[in-house]
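K.L.:
Mind looking over this structure? Questions follow.
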Amino acid sequence: MAPRTLPPWTATSMGREESRVKNLYLSAFACCLLATPALAQQAGDIATDVFVGPDALRRDPANITVVATGSPRRIDQTGQPITVITAADLARLQGPDVTRALEQVPGLTLSRNGGPGAFTGVRLRGSDSEQVLVLIDGVRVEDVSAPGSGFDFGTLTTGGIERIDVLRGSNSVTWGSAALGGVIAVQTRELNGVDASAEGGSRGSFAGEAAAGLAKEAYALSLSGGYTTTDGVSAAASGTEADGARQWRLGGRGRFDLLPGLSVMASARYADTRTEIDGYPAPSYTFADTGEYQVTRQFSGRAGLRYDGGWLTVNTGFALADTKRDYYDPAFGTAPSYGYQGRSERADLTGRAQLPAGFALDFGADSEWTRYAGTFDARQSARLSSGHAMLGWYGENASFAAGLRHDDHSRFGGATTFGANGTVRLTGNLRVRASYGEGFKAPTLFQLLSNYGNTALKPERSRSYDAGIEFASGPVSAAVTVYRRDSRNLIAYVSCFGQTGGICANRPFGTYDNIGRARAEGAEAELTLRPVRTVTLRSIYTYTRARNVTAGSAQFGKDLARRPQHALTVSGDWETPLAQLAIGADLRLISASFDDAANAVRLPGGPIATFRASLPVHDRITLTARLENAFDLRLPTAAGYGAVGRGAFAGVRVRY
C-alpha cells in the first residue's frame, strides 16, 4: 500500500542479517527437498492414498472449492492458486487461534496489536489487510464502519469451522470489491452428533466449545457456541499491566429440501468480544498502560434458496452483516467514550449453466447496501450493484476460463474488471497453471463521507499475474508459483496541516486521496512428504517484495510497512505406535521488516516454534497438549505493541 502519514486517531542496516536469514530459509527448505529421493525408496511403507493422481482428487471433498468461480469447482480444474485448510488440519494444530492455521498458507502474513484477541490483520502476497475479502458462510464480514473496512481476525476462533479456502491473487470478477490481494472463505460445520472441547493454560487462558447437530439427506441443523478468555499481555510494549480479552459466540446453520432439487438454507453467527487496550495518558501522552477497553459485537447471517436442475444450478439469498464497536475509558465513567456501527445488506444470485462440449457458464448479480454512523460522524450510506459472467471449458487434462464484471457504485460510479486462468495436466501427476486477475476496492464510507472524507475518491485497482507448476505422486506433493501484482489509485491519508484549499477545504485535520502505487512480486514453494503412513512432513516458503512505486514519492522503492520478505513454515507430524499417541511440531520463521513507509522503524524477525501432542483415551475422547513459542521470543508484528512469549496449554476433545 502507499506510504501514508498516520491519521490523528492512529495510535539501519539490514543487509547482512537479511542475507543470513535468506540462507537459513533456503537451507531449511532444501533439507526437505534433499530428503525426497531417499523417502521415495521406501515404497513398501508408502501410503499411496494420500497424494495421488486426478482420480483421487476428484473424490476428495477438499479439492472442491467455490472461491474460484462462485460455484463448486475442482481445484485442479482452475489456474488460480487455492489452499484449503480442513477441520482435520485445525484439530491437528489445536487451539482457538485461527491465525496459527492461516500461517500454513503460502504468501500469508499477519500483524497483531498485542496479544490474542487484539486487532489482527491478514495480508496476502504483500497486500494491505483491508484488500483481502473475508467471507463467513458466504457473507462478507468486513467492518464497513472502519476507515479501511477490513476484517479483524482477532475476533475469529477455530470453533465450529469446517474448512477455510484461501485464494491468492486478485479476483474481483467473481467477488467484486476488496478482492485485490485475495479471498478467504470460512465455512462452518454441518454436524451430525455432538462435539465439545475445552483447554486451559498460560496467561489465565481458557477456551471452550460445544456443538450439536443432526444431518440427514433431506435436512440438517447444527448449533454451536463457545467462550474464550485470556489475561493476555500488555498491549503497549512499554507497559506492565496485562491486557486481556474474552469472547462469547453462537452460531448455527441449517438446510431443508422443499422439493427434489430445491432447498432452503440459512446460517448465522454472533460474537461478543471485550478487548483491553492501552492509550495515551497524561502528562506524556505516549502509548502506555491505561484502563481502556473495546467491546465489539458482530452479527452475520444469510438465508436463501438453492436450485439444482442438473445442467442448471442457481443460488439466491439475502445476507446481513453488522459490526458495532464501542470504546470505554473507566477514567471518564461507565458510558462509551465513542463508538462506530457499520451494517451491510446484500441480495445476491449466482449460478452455473452446464453447456455442450464441456463448456460451462458461471454467472451472478448482486446489490449491496451499506451504512455506518459514529459518535463524531452522521449516518452515511451507499449502494453497490454488479453483474458478472465467466465462460469456461473444463476437460479432463486441461481447463480454461475467462470472465468479466461490472460494478456500479452510487457514490463514485462504475468499475469493470476482467480475469482469465487456465491449467494443463502434462502427465497424470504434473500440471501447470496460470492466471490473470484484476481487482478493485471501493472507497469506504469513512474515506468518502466522514469528517476526513473526500467524495472525489476513485476505487483502488490492481492487476495480478501468476504461474505455477504442481506435482503429486505417492508420498510427494510439491508446487512452485511465481507472481506479481501492480496496484494503483491506492487511497492514503494526507495531512492538511497549514493547507485550506483543494481537497483540504473544510478538512483541517486531513483527508484521503488516491496518491499511491505499489508492486508486489515473489515466489511460493510448497512441499509435503509422507514417507510412511504415520509420518507427514510439510514445508512452505514465501518470498515477497512489496514496495512503493509512487512516482515522485520520498518513499519510492522502499518496502511497504509490515511486509516481511521471507516467510518459512516447516511442520512434522508422527502417529506413534504408543497407544495412538500423535506428536507434532511447527516452526514459523519470519524475516525482519519495517513498521513505517520511510523504513525507519524496524520490526525484528525470528523463529516461533510450537510442539503439540494428542492422545486418544477412548473412542470418543482425546487429550491434547501444546507448547507455543518454545524459544520464548517476543516478536512484535506492530511497533510499540507487546507480543506473547512461551505458553503451555492442555485440553480435552469429546465427540459423539
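Read-outs: derived from the displayed coordinates by stated rules, not from any lab. Note that this is a predicted model, so its numbers are computed, not measured. Cβ atoms come from the backbone with ideal geometry, glycine included; neighbour counts cover every protein chain shown.
K.L.:
Can you flag which of Lys324/Lys458; Lys324/Lys558; Lys216/Lys441 are past 32 Å Cα-Cα?
P.N.:
In this structure, Lys324/Lys558; Lys216/Lys441 exceed 32 Å between Cα atoms.
K.L.:
Further question: Work out, step by step, the length gained on full extension between Asp308 and Ser553: first 0.36 nm times the residue separation, then minus their alpha carbon distance; give nm to one decimal. Walk me through the numbers on the way to the answer.
P.N.:
Working: separation 245, 0.36 × 245 = 88.20 nm, distance 5.35 nm.
Difference between extended and current length: 82.9 nm.
K.L.:
How do the peptides 451-460, 595-604, 539-548, 617-626 rank, highest first, by the average count of neighbouring beta carbon atoms within 10 Å per residue?
P.N.:
Numbers: 451-460: 18.6, 595-604: 16.8, 539-548: 22.7, 617-626: 14.7.
The peptides rank, most packed first, as 539-548, 451-460, 595-604, 617-626.
K.L.:
While we're looking at this one, here's another question. Gain in length, Ala389 to Phe376, computed as 0.36 nm per residue apart minus the alpha-carbon separation, to one decimal in nm? Don't skip to the end; give the middle numbers.
P.N.:
Values: separation 13, 0.36 × 13 = 4.68 nm, distance 4.09 nm.
So the extension gain works out to 0.6 nm.
K.L.:
A further question on this structure: Provide the per-residue ³J(HN,Hα) series for region 580-597, in order, calculated from phi with Karplus coefficients 6.51, -1.76, 1.60 and θ = phi - 60°, each as a whole number of Hz, with x at glycine and proline positions.
P.N.:
6, 5, 10, 10, x, 8, 9, 10, 10, 10, 10, 7, 5, 8, 10, 9, 9, 5
K.L.:
Here's a follow-up. Using only DSSP helix segments of four residues or longer, with each worth -39500 (n - 2.57), what per-residue ellipticity at 222 nm results for the chain after dividing by its residue count and rounding to 500?
P.N.:
Calculated mean residue ellipticity at 222 nm is -2000 deg cm²/dmol.
K.L.:
Through the Karplus equation 6.51 cos²θ - 1.76 cosθ + 1.60, θ set to phi - 60°, convert the phi angles of region 539-555 into ³J(HN,Hα) values in whole Hz; use x for Gly and Pro.
P.N.:
For region 539-555, the Karplus-derived couplings read 8, 9, 10, 10, 10, 9, 10, 10, 9, 7, 10, 6, 4, x, 7, 5, 9 Hz, x marking Gly and Pro.
K.L.:
Measure off 7 Å from each Cα along the Cα-to-Cβ vector at Val295 and Val654, then give the distance between these two points in nanometres to one decimal.
P.N.:
A separation of 3.2 nm, rounded to one decimal place.
K.L.:
If each of Ile64 and Ala630 carries a label point 7 Å out from its Cα toward its Cβ, how far apart are those two points in nm?
P.N.:
3.9 nm
K.L.:
Would you mind classifying region 222-363 by shape? Square roots of the alpha carbon gyration tensor eigenvalues, ordered a ≥ b ≥ c; an a/c under 1.5 is rounded, otherwise it is prolate if a/b is larger than b/c and oblate if not.
P.N.:
prolate
K.L.:
Starting from the Cα of Thr455, step 7 Å along the direction of its Cβ; do the same at Val432; then give the gap between the two resulting points in nm.
P.N.:
Distance between label points: 5.2 nm.
K.L.:
Taking the alpha-carbon set of the chain, what are its Rg and Dmax in Å?
P.N.:
24.2, 77
K.L.:
Please sort 554-565, 630-641 by packing, taking for each peptide the average over its residues of neighbouring beta carbons within 10 angstrom, highest first.
P.N.:
Details: 554-565: 19.6, 630-641: 17.2.
Descending mean neighbour count gives 554-565, 630-641.
K.L.:
Still on this model: Please name which of Ile164, Leu180, Val194 has its Cα lying farthest along the dipole of the chain towards the positive end, using unit charges on Cβ (Lys, Arg +1; Asp, Glu -1) and the Cα centre as origin.
P.N.:
The listed residue farthest towards the positive side: Leu180.
K.L.:
In addition: I need the calculated FRET efficiency for the pair Ala91 and Thr416, taking r as the beta carbon distance and R₀ as 51 Å, to the nearest 0.05. It would help to have the intermediate numbers written out before the result.
P.N.:
Values: r = 43 Å, r/R0 = 0.84.
Given R0 = 51 Å and the Cβ-Cβ separation, E is 0.75.
K.L.:
Just subtract the alpha-carbon distance of Phe206 and Glu241 from 0.36 nm times their residue separation and send over the number in nm, one decimal.
P.N.:
Separation in residues times 0.36 nm, less the Cα-Cα distance, equals 10.7 nm.
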